[in-house]
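The values are calculated or read from the model by the stated rules, or taken from the named source; none is laboratory data. Source: prediction; values computed, not measured. Quick reminder, even Gly has a Cβ in these numbers, built from the backbone with ideal geometry, and neighbours come from all protein chains shown. These area figures cover heavy atoms from the full protein model, side chains too; ligands, DNA and RNA do not enter into them. Shrake-Rupley method; radii C 1.70, N 1.55, O 1.52, S 1.80 Å.
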Amino acid sequence: MRNTLKKIAVATGVASAAVVLTATQAMAFAATTWTVTGGAFTAVSTNTVLSVNGLPLTCPTAGAAGSAASATGNPATVGSITSATFGTTASPCTSALGPVTPVATTSPAWQLVAQDYTSGVTTGYIKNIQAKLTVLTCTFNVTGEVNAKFTNSTKKLAVSNSTRVLTVSTATAGCAGIVAVGDHPTFTGDYSVTGITSIIGT
(Lines give C-alpha, C1' and ligand atoms only; values in the text may rest on other atoms or scores of the structure.)
Protein backbone atom coordinates (compact mmCIF):
# COMPACT_ATOMS: atom_id res chain seq x y z
CA MET A 1 0.00 0.00 0.00
CA ARG A 2 2.78 2.38 0.97
CA ASN A 3 4.67 1.67 -2.28
CA THR A 4 1.50 2.22 -4.27
CA LEU A 5 0.90 5.61 -2.65
CA LYS A 6 4.54 6.53 -3.27
CA LYS A 7 4.22 5.63 -6.95
CA ILE A 8 1.03 7.68 -7.22
CA ALA A 9 2.75 10.69 -5.58
CA VAL A 10 5.75 10.45 -7.89
CA ALA A 11 3.53 10.12 -10.96
CA THR A 12 1.44 13.09 -9.84
CA GLY A 13 4.57 15.16 -9.26
CA VAL A 14 5.97 14.33 -12.68
CA ALA A 15 2.66 15.17 -14.35
CA SER A 16 2.44 18.48 -12.48
CA ALA A 17 5.99 19.37 -13.43
CA ALA A 18 5.23 18.57 -17.07
CA VAL A 19 2.17 20.82 -17.01
CA VAL A 20 4.15 23.68 -15.45
CA LEU A 21 7.02 23.24 -17.92
CA THR A 22 4.64 23.17 -20.87
CA ALA A 23 2.86 26.30 -19.64
CA THR A 24 6.17 28.08 -19.05
CA GLN A 25 7.42 27.20 -22.52
CA ALA A 26 4.16 28.38 -24.07
CA MET A 27 4.47 31.71 -22.24
CA ALA A 28 8.13 32.11 -23.19
CA PHE A 29 7.48 31.55 -26.88
CA ALA A 30 4.06 33.17 -27.18
CA ALA A 31 3.86 34.99 -30.50
CA THR A 32 3.26 38.73 -30.41
CA THR A 33 1.45 40.58 -33.19
CA TRP A 34 3.29 43.82 -33.90
CA THR A 35 1.19 46.44 -35.64
CA VAL A 36 3.32 49.13 -37.21
CA THR A 37 1.59 52.26 -38.47
CA GLY A 38 3.83 53.78 -41.10
CA GLY A 39 6.28 52.57 -43.72
CA ALA A 40 9.31 54.41 -45.05
CA PHE A 41 10.92 56.43 -42.27
CA THR A 42 13.73 58.84 -41.49
CA ALA A 43 15.33 59.53 -38.12
CA VAL A 44 17.50 62.40 -36.88
CA SER A 45 19.57 62.71 -33.71
CA THR A 46 21.57 65.57 -32.24
CA ASN A 47 23.19 63.66 -29.37
CA THR A 48 24.81 60.44 -30.61
CA VAL A 49 27.97 59.40 -28.77
CA LEU A 50 30.22 56.40 -29.31
CA SER A 51 32.45 55.97 -26.29
CA VAL A 52 35.45 53.64 -26.36
CA ASN A 53 37.82 53.19 -23.42
CA GLY A 54 36.52 56.40 -21.86
CA LEU A 55 37.04 58.42 -25.04
CA PRO A 56 33.72 59.90 -26.29
CA LEU A 57 33.34 60.32 -30.05
CA THR A 58 30.49 62.82 -30.40
CA CYS A 59 28.36 63.60 -33.44
CA PRO A 60 26.30 66.83 -33.40
CA THR A 61 23.99 65.30 -36.00
CA ALA A 62 23.22 61.79 -37.18
CA GLY A 63 20.59 60.33 -39.45
CA ALA A 64 19.04 57.05 -40.48
CA ALA A 65 16.44 55.90 -42.98
CA GLY A 66 14.67 52.70 -43.89
CA SER A 67 11.32 50.98 -43.84
CA ALA A 68 9.05 49.48 -41.19
CA ALA A 69 6.26 46.90 -41.37
CA SER A 70 3.97 44.87 -39.14
CA ALA A 71 5.18 41.45 -38.10
CA THR A 72 4.40 38.48 -35.87
CA GLY A 73 6.76 36.80 -33.43
CA ASN A 74 8.79 37.45 -30.34
CA PRO A 75 11.34 38.68 -31.16
CA ALA A 76 10.24 40.01 -34.55
CA THR A 77 11.88 42.27 -37.12
CA VAL A 78 9.69 45.35 -37.56
CA GLY A 79 12.11 47.60 -39.43
CA SER A 80 15.15 47.72 -41.69
CA ILE A 81 17.69 50.55 -41.59
CA THR A 82 19.17 50.90 -45.06
CA SER A 83 21.22 54.06 -44.51
CA ALA A 84 22.93 55.65 -41.51
CA THR A 85 25.04 58.81 -41.42
CA PHE A 86 27.08 60.48 -38.70
CA GLY A 87 28.13 64.11 -38.87
CA THR A 88 28.34 66.40 -41.87
CA THR A 89 31.05 68.49 -43.51
CA ALA A 90 29.71 71.54 -41.68
CA SER A 91 29.16 69.70 -38.38
CA PRO A 92 31.67 66.85 -38.18
CA CYS A 93 31.94 64.30 -35.42
CA THR A 94 34.65 65.17 -32.91
CA SER A 95 36.69 63.79 -30.02
CA ALA A 96 39.40 64.93 -27.64
CA LEU A 97 41.90 63.64 -30.20
CA GLY A 98 40.40 65.56 -33.11
CA PRO A 99 37.82 65.02 -35.88
CA VAL A 100 36.20 61.60 -36.24
CA THR A 101 34.95 60.12 -39.50
CA PRO A 102 32.37 57.34 -39.05
CA VAL A 103 31.17 55.42 -42.11
CA ALA A 104 28.26 53.02 -41.66
CA THR A 105 27.81 49.84 -43.69
CA THR A 106 24.09 49.10 -44.08
CA SER A 107 24.28 46.27 -46.59
CA PRO A 108 23.01 43.96 -45.25
CA ALA A 109 20.50 46.31 -43.63
CA TRP A 110 20.52 46.91 -39.90
CA GLN A 111 17.38 45.36 -38.42
CA LEU A 112 15.08 46.84 -35.80
CA VAL A 113 13.81 43.99 -33.64
CA ALA A 114 10.84 44.24 -31.25
CA GLN A 115 10.69 42.15 -28.07
CA ASP A 116 8.37 43.74 -25.53
CA TYR A 117 5.52 46.25 -25.45
CA THR A 118 4.23 48.13 -22.42
CA SER A 119 2.04 51.25 -22.27
CA GLY A 120 2.99 52.67 -25.64
CA VAL A 121 6.68 51.73 -25.48
CA THR A 122 8.31 49.01 -27.58
CA THR A 123 11.68 47.71 -26.46
CA GLY A 124 14.06 45.54 -28.42
CA TYR A 125 17.34 45.98 -30.24
CA ILE A 126 19.08 46.85 -33.50
CA LYS A 127 21.27 44.14 -35.00
CA ASN A 128 23.65 43.76 -37.96
CA ILE A 129 25.42 47.02 -37.04
CA GLN A 130 28.65 47.63 -38.94
CA ALA A 131 30.67 50.84 -39.02
CA LYS A 132 34.21 52.05 -39.66
CA LEU A 133 35.61 54.97 -37.67
CA THR A 134 38.76 56.99 -38.26
CA VAL A 135 40.41 59.35 -35.77
CA LEU A 136 43.97 60.63 -36.32
CA THR A 137 45.91 57.66 -37.79
CA CYS A 138 43.58 55.13 -36.18
CA THR A 139 40.92 53.28 -38.17
CA PHE A 140 38.78 50.60 -36.56
CA ASN A 141 35.65 48.63 -37.35
CA VAL A 142 32.74 48.05 -34.99
CA THR A 143 30.09 45.34 -35.28
CA GLY A 144 27.26 44.10 -33.07
CA GLU A 145 23.98 45.20 -31.53
CA VAL A 146 22.47 48.00 -29.45
CA ASN A 147 19.35 48.18 -27.31
CA ALA A 148 16.48 50.17 -28.82
CA LYS A 149 13.29 51.70 -27.38
CA PHE A 150 10.54 53.35 -29.44
CA THR A 151 8.01 55.55 -27.64
CA ASN A 152 4.76 56.12 -29.52
CA SER A 153 3.83 59.40 -27.79
CA THR A 154 7.10 61.14 -28.65
CA LYS A 155 8.06 59.25 -31.84
CA LYS A 156 11.55 58.88 -30.36
CA LEU A 157 13.89 55.93 -30.87
CA ALA A 158 16.45 55.71 -28.06
CA VAL A 159 19.54 53.53 -28.44
CA SER A 160 21.98 52.36 -25.79
CA ASN A 161 24.11 49.41 -24.70
CA SER A 162 22.34 48.43 -21.49
CA THR A 163 22.53 44.72 -22.38
CA ARG A 164 23.56 44.49 -26.05
CA VAL A 165 27.20 44.60 -27.13
CA LEU A 166 29.26 46.32 -29.81
CA THR A 167 32.73 44.91 -30.48
CA VAL A 168 35.83 46.29 -32.20
CA SER A 169 36.48 43.70 -34.91
CA THR A 170 39.57 45.23 -36.54
CA ALA A 171 41.98 48.04 -35.68
CA THR A 172 45.00 49.46 -37.50
CA ALA A 173 48.45 49.89 -35.95
CA GLY A 174 47.70 53.58 -35.45
CA CYS A 175 45.04 52.62 -32.88
CA ALA A 176 47.60 51.49 -30.30
CA GLY A 177 46.73 53.10 -26.98
CA ILE A 178 43.33 54.22 -28.28
CA VAL A 179 41.35 51.10 -29.12
CA ALA A 180 42.09 47.41 -29.61
CA VAL A 181 40.36 44.42 -31.18
CA GLY A 182 37.88 42.98 -28.69
CA ASP A 183 37.06 46.29 -26.99
CA HIS A 184 33.37 47.02 -26.41
CA PRO A 185 32.36 50.60 -27.26
CA THR A 186 29.04 52.01 -26.06
CA PHE A 187 26.67 53.88 -28.33
CA THR A 188 23.91 56.21 -27.15
CA GLY A 189 21.50 58.55 -28.91
CA ASP A 190 17.90 59.71 -29.19
CA TYR A 191 16.43 59.79 -32.69
CA SER A 192 13.31 61.73 -33.69
CA VAL A 193 11.47 59.49 -36.14
CA THR A 194 9.29 60.61 -39.05
CA GLY A 195 7.22 58.06 -40.95
CA ILE A 196 6.42 55.67 -38.08
CA THR A 197 3.33 56.76 -36.15
CA SER A 198 3.23 53.86 -33.72
CA ILE A 199 4.44 50.34 -32.94
CA ILE A 200 1.98 48.28 -30.89
CA GLY A 201 2.43 44.75 -29.61
CA THR A 202 -0.55 42.56 -28.71
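Overview of results
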| quantity | calculated |
| --- | --- |
| Within the stretch 147-166, considering residues that are open to solvent by 30 Å² or more (accessible area, probe 1.4 Å), in contact with a Lys or Arg (Cβ under 9 Å, 6 or more places away or on another chain) and not small (G, A, S), the one farthest from G182 (Cα to Cα) | K156 |
| Residues of the stretch 127-139 classified as free of Cβ contacts under 8 Å to residues at least 60 places away in the same chain and open to solvent by less than 10 Å² (accessible area, probe 1.4 Å), total | 1 |
| Only one of S192, S162, S169 that is modelled with pLDDT under 95 and either under 21 Å from T46 (Cα atoms) or in a strand (DSSP E or B) (or both) | S162 |
| V179 being buried (at least 18 other Cβ atoms within 10 Å of the Cβ), outside any strand (DSSP E or B) and touching a residue at least 40 places away in the same chain (Cβ under 8 Å) | yes |
| One residue from T42, T48, T37 being in contact (Cβ under 8 Å) with a residue 40 or more places away in the chain, polar (S, T, N, Q) and over 15 Å from G189 (Cβ atoms) | T37 |
| Some residue of the stretch 123-138 being part of a loop (DSSP other than H, G, I, E, B) and in contact with a His (Cβ under 7 Å, 6 or more places away or on another chain) | no |
| Where A64 falls short, out of the listed (1) out of contact with any Gly (no Cβ under 6 Å at 6 or more places or on another chain); (2) more than 19 Å from N152 (Cβ to Cβ) | (2) |
| Condition check for T197: farther than 21 Å from W34 by Cα and open to solvent by 30 Å² or more (accessible area, probe 1.4 Å) | no |
| Index of the failed condition, T32 passing every other in (1) within 20 Å of the chain's Cα centre (by Cα); (2) at pLDDT 95 or above | (2) |
